[in-house]
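Chemist: One structure, pasted below without further comment.
The values are calculated or read from the model by the stated rules, or taken from the named source; none is laboratory data. Predicted, not measured: the structure shown is a model, and the values here were computed from it. As a convention, Cβ positions derive from the backbone with ideal geometry for all residues, glycine included, and neighbour counts pool all protein chains shown. Remember, those area values only see protein heavy atoms, side chains included, never the ligands or the DNA or RNA. Shrake-Rupley method; radii C 1.70, N 1.55, O 1.52, S 1.80 Å.
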Amino acid sequence: ILEGHPANPAAGDADRPIGYGRLQRKEDPRFVRGKGNYVDDIVLPGMLHGAILRSPVAHARLVSIDTSKALAHPGVKAVITGQDLLGLKLAWAPTLSADVQAVLVTDKVRFQGQEVAFVVAEDRYSARDALELIEVDYDVLPAVVDARKALDPGAPVIRDEIEGRTDNHIFDWEAGDKAETDAVFASADVVVSQEMVYPRSHPAPMETCGAVADYEPIDGTLTLYETSQAPHAHRTLFAIVAGIPEHKIRIVSPDIGGGFGNKVGIYPGYILAVVGSIVTGKPVKWMEDRSENLMSTSFARDYIMQGEIAATKEGKILAVRTTVLADHGAFNATAQPTKYPAGFFHIFTGSYDLQAAHCKVTGVYTNKAPGGVAYACSFRVTEAVYLVERMVDILARKLEMDPAELRLKNLIKPEQFPYKNKTGWEYDSGDYATALRKSMEMAGYDELRREQKEKRARGELMGIGISFFTETVGAGPRKHMDIVGLGMNDGAELRVHPTGKAVVRISVQSQGQGHETTFAQIVAEEIGIPPEDIDVVHGDTDQTPFGLGTYGSRSTPVSGAAVALVARKVREKAKFIAAAMLETRPEDLEWEKGRWFVKGDPSVGKTMAEIAMGAHGTVALPEGIEGNLDAEVTYDPPNLTFPFGAYICVVDVDPGTGHVKVRRFIAVDDCGTRINPMIIEGQVHGGLTDGVGMALMQIIEFDAEGNNLGGSFMDYLIPTALEVPNWETGFTVTPSPHHPIGAKGIGESATVGSPPAIVNAVVDALAPFGIQHMDMPCTPARVWAAMQGRPRPP
Ligand code: CDP
């Protein structure tokens with residue numbers, strides 16, 4: 001499929017971005033003018049407002065709930081409790097991980113902030129006021145907060161509503177070959193091990209979650225405006241859960257103010273807005289506030305990982321093994337392909353050519369909000385990359401080798417692709433050493449090491465951290481994965497109107513990534529209509545073909561491929577129409593961008609606009625060619641795409657305060673063929689900033705009773721321009737061999753690759769203290785404490 005395509009390096013000029021390159025974003029005129037249309041901007045006639053009463057405690061039996069005073073509030077139209085939902089068979093809803101989650105509490109509260117009751121009122125203020133009039137009697141129980149204690153014999157059983165359940169165990173899952181791995185470890189010269197925690201973090205999009213539900217009882221239609229990253233999948237699940245026929249449901253996700261995985265699942269609030277609309281006969285809006293978002297919507301990470309790496313004394317890495325304790329909170333609502341309870345964690349083999357690898361992941365329930373969402377990553381690839389990149393650095397220290405040299409020695413070589421790793425992935429393409437060398441050149445690596453040496457001699461703490469990551473994005477091939485039984489394919493429809501203007505309808509859902517621009521660029525590249533003449537429609541199930549939505553950087557690998565192929569279908573059809581118009585044979589025509597012309601006589605041809613008019617006009621069309629210039633496809637990717645990158649971080653640590661300053665950050669990314677380099681840089685800048693947040697600032701902690709200590713932006717810190725350096729970005733281009741235009745995803749690479757680079761740099765700065773590892777976030781307090789009681793470096 002790449003033959004003759006400019007994306008194919010064989011066709012020359014692989015560095016050239018496709019189409020119109022750094023095209024300004026088509027969506028920005030509305031965003032910069034404040035004319036975006038978000039869920040909270042939607043106002044429908046007669047609309048009511050919902051608010052959720054949340055539990056103040058983490059674990060408690062619900063003794064009684066009295067709603068009479070709230071119902072007497074003059075503005076209140078309805079108060080809905082778990083008992084009401086039981087009658088509607090909606091008290092519990094299935095999760096994306098074969099579990100169930102309470103929509104409203106019926107028996108027991110299982111995390112602080114859990115949904116207890118829903119008030120519908122004439123305005124937002126009355127709804128909130130009425131929450132305080134609901135009287136709830138809780139019988140408080142001991143909480144399980146530490147995943148390490150969740151499986152203790154005496155631990156309180158969180159999910160005791162499930163018949164026969166006597167513990168908090170969810171699953172055990174393994175990948176790789178244990179016996180083979182153990183054998184390699186047993187005979188290795190060098191083995192290092194380290195426990196590390198990827199702490200509980202939160203995607204924290206700028207726009208919180210919300211919905212406006214409009215149920216029309218006469219014809220039984222439900223229109224649901226939602227903050228959703230996957231409108232089509234939500235519609236199917238709503239049809240199954242609520243019993244509303246799927247053709248009667250329309251889901252609209254208008255402009256979305258950031259998702260990062262937070263808007264993949266179906267939250268109780270969405271269901272409650274629907275129930276509220278059915279009960280009152282009016283549209284109902286529910287919009288959560290910041291604390292509700294941070295306390296009750298999907299968390300990320302919370303992985304306790306024991307890592308081990310085996311090598312020869314010359315530094316050949318042989319094997320990696322790990323056991324993981326995964327804290328999934330009170331309900332297993334993790335969003336990921338059904339077959340993989342630990343997501344894509346088994347890509348912890350990283351970018352290295354290993355002899356063996358094995359992992360075992362154990363999932364447990366705790367009294368925390370349901371977690372496990374893929375926060376700006378492809379289903380746990382972030383945890384996997386962090387584990388292996390920390391372990392490689394620890395090994396380098398043990399072997400007294402430079403961490404860049406150790407990596408260069410072990411990276412998979414270009415000729416080994418497609419590379420089958422030891423846990424079953426087939427990496428599609430890569431040239432890893434070139435990317436790492438490029439980042440080292442940009443950084444002036446040798447000079448940095450010299451500077452560090454001098455500074456160390458003066459007692460200054462400078463650290464240099466490297467990470468090399470391989471991502472796995474574009475979920476995914478239907479032969480390998482599904483989400484709750486839905487194959488992860490995406491549709492695209494392209495219509496070229498008679499005057500040569502076009503509309504492409506896609507099933508993925510932008511949350512700010514610029515799809516309206518880049519997807520128009522893909523069509524423009526393929527059929528030669530300029531991007532400004534191509535509208536991209538997404539986010540409305542009535543307007544777009546079925547598909548699984550946007551998360552895990554899957555839009556370009558899956559939907560981008562669908563768009564390229566639908567455009568090629570139109571181009572092919574245009575050939576037949578042009579032939580009819582030119583009274584020649586299709587096989588006598590040749591394509592140049594935007595035009596079919598007669599081979600050997602370039603002056604005789606037809607542009608796409610002329611062909612579009614011809615298609616809709618009166619030209620006699622050949623047998624089997626219909627009078628339009630439209631096409632549709634559904635794309636099933638043959639494999640995932642494997643973008644990669646080499647990151648180098650330089651930090652200075654203040655020995656007096658423990659404050660870490662990220663002085664420089666060099667990021668070389670390879671996402672295959674680049675569609676819009678400006679958008680790619682924006683994605684990388686955002687992801688790197690996320691990385692600074694995770695590595696240095698963010699954690700959602702809980703006290704022993706299960707009180708959430710990170711429920712506001714006063715406690716959960718968001719990095720700003722003040723905390724980040726001037727990003728230095730670079731790229732290499734290794735096209736994906738199976739993607740129609742050779743593109744791989746980029747959206748999450750930087751979030752995945754940057755935390756280990758930053759932590760490696762911090763630990764490197766602290767090396768003179770003999771510190772081997774520090775858990776994120778490396779806050780001033782933690783860094784300062786780590787240095788105490790250790791001899792000061794000379
Ligand atoms: O699924 P999501 O949109 O979050 O991630 P993505 O597919 O990696 O794309 C993020 C943005 O970068 C989109 O606007 C892409 O079209 C653009 N991109 C690009 O210009 N070139 C690539 N090779 C990959 C993505």
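Chemist: Looking only at Cα atoms, what is the convex hull volume of region 261-419 per residue, in Å³?
Modeler: 151 Å³
Chemist: Sorted from largest to smallest, which semi-axis lengths in Å does the alpha carbon gyration tensor of region 565-630 give for its equivalent ellipsoid, taking the root of 5 times each eigenvalue?
Modeler: Result for region 565-630: semi-axes of 17, 13, 10 Å.
Chemist: Compute the Rg to Rh ratio over region 665-724 from the alpha carbon atoms, using the Kirkwood formula for Rh, and round to two decimal places.
Modeler: Here Rg/Rh amounts to 1.15.
Chemist: If a/c stays under 1.5 just call it rounded; otherwise compare a/b with b/c (prolate if a/b is bigger, oblate if not). Do that for region 170-318, with a ≥ b ≥ c from the square roots of the Cα gyration tensor eigenvalues.
Modeler: Since a/c reaches 1.5 and a/b is larger than b/c, the shape of region 170-318 is classed as prolate.
Chemist: Quote the Stokes-Einstein diffusion coefficient, in whole µm² s⁻¹, for region 26-94, based on the Kirkwood radius over alpha carbon pairs, a temperature of 20 °C and a viscosity of 1.002 mPa s.
Modeler: 131 µm²/s
Chemist: Would you mind giving the average projected area, over all directions, of the Cα convex hull of region 363-485 in nm² with one decimal?
Modeler: For region 363-485, averaging the hull's shadow over all directions gives 11.7 nm².
Chemist: Could you calculate, for region 583-735, the ratio of the Cα radius of gyration to the Kirkwood radius, expressed as Rg to Rh?
Modeler: Over the Cα atoms of region 583-735, Rg/Rh equals 1.27.
Chemist: Note down the nm distance, to one decimal, between modelled labels 7 Å out along Cα→Cβ at Asp482 and at Arg61.
Modeler: 4.1 nm
Chemist: Check cross-link reach from Lys26 to the lysines: straight Cα distance under 17 Å, and skip same-chain residues fewer than eight apart.
Modeler: The qualifying lysines are Lys35, Lys501.
Chemist: With a cut-off of at most 14 other beta carbons within 10 Å, and DSSP calling the residue loop, which trypsin sites (Lys or Arg not before Pro) in region 57-125 qualify? Please list them.
Modeler: Those satisfying the criteria are Lys89.
Chemist: Please go through region 468-546 and write out the trypsin sites (Lys or Arg not before Pro) that DSSP classes as loop and that have at most 16 other C-beta atoms within 10 Å.
Modeler: Here the trypsin sites (Lys or Arg not before Pro) that fit, given the DSSP loop and packing criteria, are Arg478, Lys479, Lys501.
Chemist: Using the eigenvalues of the Cα gyration tensor, what equivalent ellipsoid semi-axes result for region 751-792 when each is taken as the square root of five times the eigenvalue, whole Å, largest first?
Modeler: On the way: eigenvalues 78, 25, 8 Å².
Three semi-axes, in Å: 20, 11, 6.
Chemist: Consider a paramagnetic label point 7 Å from the Cα of Lys248 along Cα→Cβ; state which residues of region 221-236 have an amide N under 13 Å from it.
Modeler: Only 221-223 fall inside the zone, counting backbone N under 13 Å.
Chemist: Over region 663-768, how many percent of alpha carbon pairs lie in each 5 Å bin up to the one with the longest distance?
Modeler: Taking all Cα pairs of region 663-768, the binned fractions are 2, 11, 18, 18, 15, 13, 10, 6, 4, 2, 0 percent.
Chemist: Calculate the all-directions average of the projected area of the chain's alpha-carbon convex hull, and give it in nm².
Modeler: Projected area, direction-averaged: 36.3 nm².
Chemist: Can you tally the net charge around Ala520? Count Lys and Arg as +1, Asp and Glu as -1, for every other residue whose Cβ sits under 13 Å from the Cβ of Ala520.
Modeler: Neighbourhood net charge equals -3.
Chemist: GluC sites (Glu not before Pro) within region 580-665: which are DSSP loop residues with at most 11 other Cβ atoms inside 10 Å?
Modeler: Numbers: sites: Glu583, Glu587, Glu590, Glu592, Glu610, Glu623, Glu626, Glu632; in loops: Glu583, Glu623, Glu626.
Counting only loop positions with at most 11 other Cβ atoms within 10 Å, the GluC sites (Glu not before Pro) in region 580-665 are Glu583, Glu623, Glu626.
Chemist: Quick one: net charge around Ile699, please, counting Lys, Arg +1 and Asp, Glu -1 for every other residue with C-beta under 12 Å from its C-beta.
Modeler: -1
Chemist: Let me ask something else about it. With both bridge residues required to lie in region 503-627, what share of the DSSP beta bridges run antiparallel, to the nearest 5%?
Modeler: 75 percent
Chemist: What is the antiparallel percent of DSSP beta bridges lying wholly in the chain, to the nearest 5?
Modeler: 80 percent
Chemist: Binning at 10 angstrom from zero up to the longest distance, how are the C-alpha pair distances of region 459-605 distributed in percent?
Modeler: 11, 32, 25, 17, 9, 4, 1, 1, 0
Chemist: OK, next. Quick one: check the C-alpha center-to-center distance for region 97-145 versus region 765-782, whole angstrom.
Modeler: Result: 40 Å between the Cα centres.
Chemist: At 0.692 mPa s and 37 °C, plugging the Kirkwood radius over alpha-carbon pairs of region 270-345 into Stokes-Einstein gives what diffusion coefficient in µm²/s?
Modeler: Stokes-Einstein gives a translational diffusion coefficient of 195 µm²/s.
Chemist: If you roll a 1.4 angstrom probe over the protein chains with everything in place, what fraction of the accessible area of the chain belongs to carbon and sulfur, to the nearest %?
Modeler: Looking at the chain in its full context, I get 52 percent from C and S.
Chemist: Continuing with the same structure: How large is the accessible surface per residue of the chain, computed with a 1.4 Å probe and reported in Å² as a whole number?
Modeler: 36 Å²
Chemist: Step through the table entries Lys398/Lys422; Lys178/Lys409; Lys316/Lys360; Lys69/Lys282; Lys263/Lys438, compare each Cα-Cα distance with 28 Å, and write down the pairs that go over it.
Modeler: Lys263/Lys438
Chemist: Under the classification rounded if a/c is under 1.5, otherwise prolate if a/b is larger than b/c and oblate if not, where does region 425-507 fall, given a ≥ b ≥ c as square roots of the Cα gyration tensor eigenvalues?
Modeler: The shape class here is prolate.
Chemist: What are the semi-axes of the equivalent ellipsoid of region 134-221, taken as the square roots of 5 times the eigenvalues of the Cα gyration tensor, listed largest first and rounded to whole Å?
Modeler: Details: eigenvalues 362, 118, 63 Å².
They are 43, 24, 18 Å, listed from largest to smallest.
Chemist: Still on this structure: Output the Kirkwood hydrodynamic radius of region 376-429, Cα pairs only, in Å rounded to one decimal.
Modeler: Mean inverse Cα-Cα distance, inverted, gives 12.8 Å.
Chemist: Also, quick follow-up: Using only the Cα atoms of region 518-603, construct the convex hull and provide its projected area averaged over every direction, in square nanometres to one decimal. Write out the running numbers ahead of the final one.
Modeler: Numbers: hull surface 27.5 nm².
Dividing the Cα hull surface by four gives the mean projection, 6.9 nm².
Chemist: OK, next. Give me the net charge of Glu122's neighbourhood, meaning all other residues with Cβ under 15 Å from the Cβ of Glu122; Lys, Arg count +1, Asp, Glu -1.
Modeler: That sum, taken over residues with Cβ under 15 Å, equals +3.
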